[in-house]
Amino acid sequence: MTVELGHMALILAFALAIAQSILPVLGAARGDSRLMATGDVSSVGICLFIGISFAALVWAYAASDFSVVNVWQNSHSLKPMLFKITGTWGNHEGSMLLWVLILAVFAAAVSVFGKSLPEKLRANVQGVQGWMLATFLLFILLTSNPFLRQVAPMEGQDLNPILQDIGLAIHPPMLYLGYVGFSITFAFAIAALMEGRLDAAWARWVRPWALAAWLFLTAGISMGSYWAYYELGWGGWWFWDPVENASLLPWLSGTALLHSALVMEKRDALKIWTVLLAILTFSLSLLGTFLVRSGVLTSVHTFATDPSRGLFILAILALFVGGALFLFVLRANSLQAGGLFAPVSREGALVLNNILLSTAAATVLVGTLYPVLYEAATSALSPTGEGAKISVGPPFFNLTFGPLMIPLLMAMPLGPLLAWKRGDLLGVAQRLMFVLGAAILAIILAYGFIEGGPILAPLGIGLAVWLILGSLAELWTRANFAKTGLAVGLRRLAGLPKTAWSTAGAHLGVGVMLLGIVMVTAYETETVATLKPGESVQINSYEVRFDGLVPANGSNFTGQGANLAILRNGVEVDRALPSKRFYPARQMPTTEAAINAFGPSHLYISVGDVLQDGSVALRIWWKPWVTLIWLGTIIMVLAGFYSLSDRRLRIGLPQQARKPKKADAHAA
Amino acid sequence: MLRKASHHSRVWSQPASWVGFAAFILVLLVQPQTALADDDRTKALFNELRCVVCQNQSIAESDADVAKDLREIVREQIGAGKTDSQIKTFLVDRYGEFILLKPVLSWHTALLWLAPALFLLFSVLLLIRRFSSRSVAIDDRLNAQEEQELKSLLKEKT
C-alpha cells in the first residue's frame, strides 16, 4: 500500500509539473500576477509529492519488501539497516528519484527564498524548472519506475558489495546536490534570455546559488575520491575514470562560472560569457547524468542492446542543451556588453582563469567522449558492424590537463591583488616578493633534503608554497602590519569583508591540495611481500609484522583478515587488519584495505592471495602527506560556506549601499 | 633520507652554476626513457598499459590474472633488451590499441591530441579580437555612484 502511495504521489507530482511548465511563463508573458503566483504553490507541492514518493521507496527498502522489483534486485534481508536505506539510491531507479527530488527541492527553494526577485524573472525561472521537472518525472515514470511490483521472492539479490559503504551513503547525494544545484543558474540564464534583460543584479542573485552548487559538488567529488581511495583497495585517489570525469566537467566550468559571475556583479562585464557558462555548466551536469546512467561508457554495445533509457536521456539532453544554446544565439547579441577593462586587471586575471578552466574542461570532455565516439564511428563504417576500440587513460590526461593547470596555479595569487579595470602588475609582483622568495627557498630545500623522486617534484612543492602563502598575501597586505602595527593590523583583518577571507581560504585550499598531490605522486613507495606468520617486511621507516590470519565475518559476508603489527625502531606503534571478504549473494569478493595514519601520511596495506601454508601476500604503500589532498578540498568547501554566510550575498536581501569601511577611514 | 646541504649557498651565488643547473634539468627532460633504471622503466610501462578485462585499471594497479600475465610479458621483454616502443607494438598486435592507456599520435587520434591546443588558440584569438577592437579607450572615468563614494571618503579624511 505504501508503495502504491509513492507511485501515486509521483504521478501527481508529474501533473503539477506540467502545470508549472505552462502557467507561470504564460503569466509572465501576459503580465498576469495571479498566473505567475501559481509557480510558488506548484513548486512546493511538487517537492512535497516527490518527497512522499521517495520516503515510500526508502520504507520499501527498510522493510525489505521484495515484491518491489527494484528492492529485490538491489537489497538483501541480512544487510545492515544503514545499507538497506542507503541502498535506495545505490541503483539506477532510486538514484534518478533522488536526482529529481533534489531538483524539486531547489525549485521550491527559489519560491521560498526568492520572494524579493522581480516577479517576471521568478515566474520564468519557475517555468524553466517546471520543464525540467516534468521531463525527468516522465523519464522515471516511463523507463525507470522504482515502484513496479512482482510476486514476492523469498530473498533479494543484494547490493553490489563495494557500494555497501558509508562513503556511498553520502557521496551521491552530495554530488547530486552539486549537479542539480546548477539547474538553478541554468533556469536563471534561460529566464534572462527569455526576458532579454541581464544586469549586475542578475549576477548577484545567481552567484549564491552557483556557490552553493559548487561547494556541494566539491564536497561530493572529494568524498568520491576518498571512497575510491579506501574502498577499491589499491590506494589511488583519482583515476581519470569516465564516471569521475563526468563529475569533474561541471566542476571545472562551475568554477569558471563562479569567477565570471564575480566580474559581472562587480563590473557589469563578461555578461554574455557568464550566461553561456551557466548554460554549459548545467549541460555538462546533464551530460554527466547521461554518461553514467545510459551505460554508454562501459560499452557502446550495452547501450545498443537496451537503448530506451539512454535514448530518452539523450533526447532530454538534446532538448535542453540544444534549446538553450539556440535561445542563446538568438538573444546574445541583444545583450549589452558592459564595462571595459585593460588586459592587465582583476577582470583580465579572471578572464585568464576562465580560458584555462574551460580549455581544461574541453580537454577532459574530448578525452572522455573520444573512445565512445571513435567506436561508434568505426562500427558504422565497418561492414561487420564491429567498432575499433581505443583507450584514453591517465597518461593522456596527465599530459594535457597538467600543463593547463600550471599557468592557472601560477597566476592564482596575482589575481586577487590586481585592481579592477587596470592593474599594476609590477606593484603586485613587488608585494609578492616575499612569497616568491619563500617558494624558491622551498624548492632549494626540497632539492637539498629530499632524496629520490622525480627531478621536477621540488618545483611542484615550490608551486604549492607559492599558492599557500600567496593566498594569504591579500589578507597580509590589507592588514598592513608593517605600517600600522599589530593592533590596528588585526582590527583591519577582522574588518575585512567575508569575501576576501573566503577567496583567500579557497585558494589556500587549492595550494594544500596541490602539496598533497605532489608529495604522494612523487615520493610514494610501494612494496609487495609474501609473509609467513611471524615474518615482517620493511617500508619507509616502518616494519610490518604478520601475526597470523583471523576470521572477519559480517552479517552478509564471510572474510579473512591479516593480523598485522606496525613497528617503528622495534617498538609497536599500531595494529592493522586488512581483509578479504566474500559476499555469497552476489558471489563477489572484495578487498578491504587497512589505512594507518601517521601525521598527514598513510601506511596503506591490502591483502592479496592467501596461500595454503598460511602465508599471505601483502601490498603495502607509504603515502606521504596524502591526507592533504582531502584537507585542501575541505578548506575549499569551508571557505565556500563562509562566503555564503556573507550578508551581502544572502539570497533575496536588498543590496545595501556600500559604506566606506571604518578601518580604512581610521588608517587614513 | 636527510643529506647535508651546507655548500649550497656558496654554489648558488655564481651565475655559472645556475646555467649548469638549467642545462642539467634540460638534459633530464629530453633524455630518452631507456636511460632510466630498468625498475622505473618497468613501472612507467605498467602504468601505460590497460588491464584489458578490467573496468578502468592499468596493469600496475590490477590484481586480475590477465594483469599478472601482462606484467610478466613486459618484464620478460625488458629483460630481452626490447625498447618501449617494440614492447608496445608487440602488445598492440596481440590485444589491439585498446591496451594503450596513452593513445598513439596518429591521424585517427589527431583531433584528440590537438583538442586542447585548438581550443586554447581559439579562445586567445577571440580575446585578441576583443581587446584590439574595444579596449582602445579604457573608461577610467568614475560613474555617479563612485563619484559619490569618493566625495564622502574625502570628506571623512579632512
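The values are calculated or read from the model by the stated rules, or taken from the named source; none is laboratory data. Keep in mind the model is a prediction, meaning the values are calculated, not measured. Virtual Cβ from ideal backbone geometry, glycine too; neighbours counted across all protein chains shown.
Structure notes:
- Counting only residues that are crowded, with 16+ Cβ neighbours inside 10 Å and either within 21 Å of A:Leu418 (Cβ to Cβ) or among the aliphatic types (A, V, I, L, M) (or both), the range A:465-491 holds 15 of them.
- Scanning the range A:238-251 finds one or more residues that are within 13 Å of chain B (Cβ to nearest Cβ), without any contact (Cβ under 8 Å) to a residue 60 or more places away in the chain and in a helix (DSSP H, G or I).
- Selection count where residues are more than 18 Å from A:Tyr229 (Cα to Cα) and buried (at least 23 other Cβ atoms within 10 Å of the Cβ), scope the range A:598-635: 1
- Any hit, the range A:160-168, residues being surrounded by fewer than 21 Cβ atoms within 10 Å (Cβ to Cβ), among the charged types (D, E, K, R) and at pLDDT 80 or above: no
- Against the criterion of being part of a loop (DSSP other than H, G, I, E, B) and β-branched (Val, Ile, Thr), A:Thr363 does not qualify.
- Among the residues of the range A:135-152, not one is at pLDDT below 80 and out of contact with any Asp or Glu (no Cβ under 9 Å at 6 or more places or on another chain).
- Residue in the range A:371-383 that is more than 22 Å from B:Leu125 (Cβ to Cβ), outside any helix (DSSP H, G or I), over 24 Å from the mean Cα position of the chain (by Cα) and modelled with pLDDT under 85 present: yes
- Scanning the range A:515-541 for residues that are crowded, with 19+ Cβ neighbours inside 10 Å and small (Gly, Ala, Ser) yields a count of 2.
- Residue within the range A:319-337 that is surrounded by 21 or more Cβ atoms within 10 Å (Cβ to Cβ), within 11 Å of another protein chain (Cβ to nearest Cβ) and out of contact with any helix residue (DSSP H, G or I) (no Cβ under 6 Å at 6 or more places or on another chain) present: no
- Sole residue being modelled with pLDDT under 90 and in a loop (DSSP other than H, G, I, E, B), chosen from A:Arg586, A:Arg648: A:Arg586
- Hey, A:Trp237 closer than 19 Å to A:Leu514 by Cβ and out of contact with any His (no Cβ under 8 Å at 6 or more places or on another chain) or not: yes
Residue-by-condition table, conditions (1) away from chain A (no Cβ under 11 Å); (2) modelled with pLDDT of 90 or more; (3) part of a helix (DSSP H, G or I):
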site: B:Lys68; (1), (2), (3): no, no, yes
site: B:Gly81; (1), (2), (3): yes, no, no
site: B:Ser85; (1), (2), (3): yes, no, yes
site: B:Leu114; (1), (2), (3): no, yes, yes
site: B:Asp139; (1), (2), (3): no, no, no
site: B:Ser152; (1), (2), (3): no, no, yes
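- Which numbered condition A:Ala419 misses (of (1) within 12 Å of chain B (Cβ to nearest Cβ); (2) touching a Ser or Thr at 6+ places or on another chain (Cβ under 8 Å); (3) in a helix (DSSP H, G or I)): (3)
- Residues satisfying the stated conditions in the range B:120-137, i.e. at the interface with chain A (Cβ under 9 Å from one of its Cβ atoms) and modelled with pLDDT under 65: B:Arg134, B:Ser135, B:Ala137
- In the range A:58-96, the residues that are within 17 Å of A:Phe14 (Cα to Cα) and in contact (Cβ under 8 Å) with a residue 60 or more places away in the chain: A:Met96
- Conditions (1) within 14 Å of another protein chain (Cβ to nearest Cβ); (2) surrounded by 24 or more Cβ atoms within 10 Å (Cβ to Cβ); (3) small (Gly, Ala, Ser): number failed by A:Ala187: (1)
- Answer residue from the range A:147-180, given it is outside any helix (DSSP H, G or I) and under 15 Å from A:Lys84 (Cα atoms) and is farthest from the chain's Cα centre (by Cα) among those: A:Glu155
- Residue in the range A:233-245 that is closer than 18 Å to A:Met636 by Cβ and of a type in the set (Gly, Ala, Ser) present: no
- Test: residue in the range B:104-112 that is within 12 Å of chain A (Cβ to nearest Cβ), under 21 Å from the mean Cα position of the chain (by Cα) and farther than 21 Å from A:Pro403 by Cα: yes
- Residue list for the range B:87-103, filter: of a type in the set (Val, Ile, Thr) and either within 11 Å of chain A (Cβ to nearest Cβ) or surrounded by 14 or more Cβ atoms within 10 Å (Cβ to Cβ) (or both): B:Ile87, B:Val92, B:Ile99
- Total residues in the range A:389-404 satisfying the condition of being touching a helix residue (DSSP H, G or I) at 6+ places or on another chain (Cβ under 7 Å) and more than 7 Å from every other protein chain (Cβ to nearest Cβ): the figure is 2.
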